[in-house]
Amino acid sequence: MTCSCQNIRNNNTRESLEILEQILLECDEETNLITLLQKVQNSYGYLPENVMKEIAIKRNIKEAKVYGVASFYSQFRMKPIGKYLIMLCQGTACHVNGSAAIESALKDILDVSEGEITPDGLFTYINVACLGCCSLAPVMMINDQTYAKLTYDKVNSIISEIRGSGK
Ligand code: FES
């Protein structure tokens, strides 16, 4: 078994610390680490390694504690993501209704593996647990938008539409 900390440490992207400085100004010392990491992820899109190190320094806590919390909770991402985050539901209802085929469609259409960014920087897809709209299975969300009763053609047209919109 490989420690997930290794995956975190393999990401060498260095992000500006200015955003973190602002977040720390808005959070008092009592703000718990999970809340702080959520704010960091909302701002950076993920948890950059150099930012986590800086949090440890600024909060006077061990780096291992920051990495430990970040890797324990599935809500936290250790790698940058594309402009559009596709969250494909793999909950029971979606699984029964063909989420595996939708995952194959995404891999085929985007030509990336789960968690990777497409070369145009637009998309990252990840598998997630139930999105809470099981009657519409199979379902995915792209950023804040929900897409239901997916088929290969539907996924293809959604991705093409986003690519074509130039957003
Ligand atoms: S199982 Fe997919 S939305 Fe609930």
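The values are calculated or read from the model by the stated rules, or taken from the named source; none is laboratory data. This structure is a prediction, so every number in the text was calculated from the model and none was measured. Note that we place each Cβ from the backbone using ideal geometry, even for glycine, and neighbour counts take in every protein chain shown.
Just need a number here: residues in the stretch 129-142 that are surrounded by 16 or more Cβ atoms within 10 Å (Cβ to Cβ) and more than 20 Å from residue 156 (Cα to Cα).
Going through the stretch 129-142 one residue at a time, the tally reaches 2.
Residues 67, 147, 125: which one is crowded, with 17+ Cβ neighbours inside 10 Å and within 14 Å of the ligand (Cβ to nearest atom)?
147
Note down all Cβ pairs under 8 Å where the first residue falls in the stretch 90-104 and is farther than 20 Å from residue 157 by Cα, the second is assigned to a helix (DSSP H, G or I) and more than 11 Å from the ligand (Cβ to nearest atom), and they're at least six residues apart or on different chains.
If the second residue must be assigned to a helix (DSSP H, G or I) and more than 11 Å from the ligand (Cβ to nearest atom), the pairs left are 90/103.
For residues that are among the β-branched types (Val, Ile, Thr), closer than 19 Å to residue 15 by Cα and either in the same structural domain as residue 124 (by TED's automatic domain parsing) or exposed (fewer than 15 other Cβ atoms within 10 Å of the Cβ) (or both), tally how many sit in the stretch 30-64.
Residues meeting the conditions: 1.
Among 88, 17, which is the only one that is at pLDDT 95 or above and either touching a strand residue (DSSP E or B) at 6+ places or on another chain (Cβ under 9 Å) or not acidic (Asp, Glu) (or both)?
From the options 88, 17, the qualifying one is 88.
Listed residues 52, 78; which is among the hydrophobic types (A, V, I, L, M, F, W, C) and within 22 Å of residue 127 (Cβ to Cβ)?
Within the list 52, 78, the selection yields 78.
Give the number of residues within the stretch 74-90 that are within 16 Å of the ligand (Cβ to nearest atom), part of a loop (DSSP other than H, G, I, E, B) and touching a Ser or Thr at 6+ places or on another chain (Cβ under 8 Å).
Within the stretch 74-90, residues that are within 16 Å of the ligand (Cβ to nearest atom), part of a loop (DSSP other than H, G, I, E, B) and touching a Ser or Thr at 6+ places or on another chain (Cβ under 8 Å) number 1.
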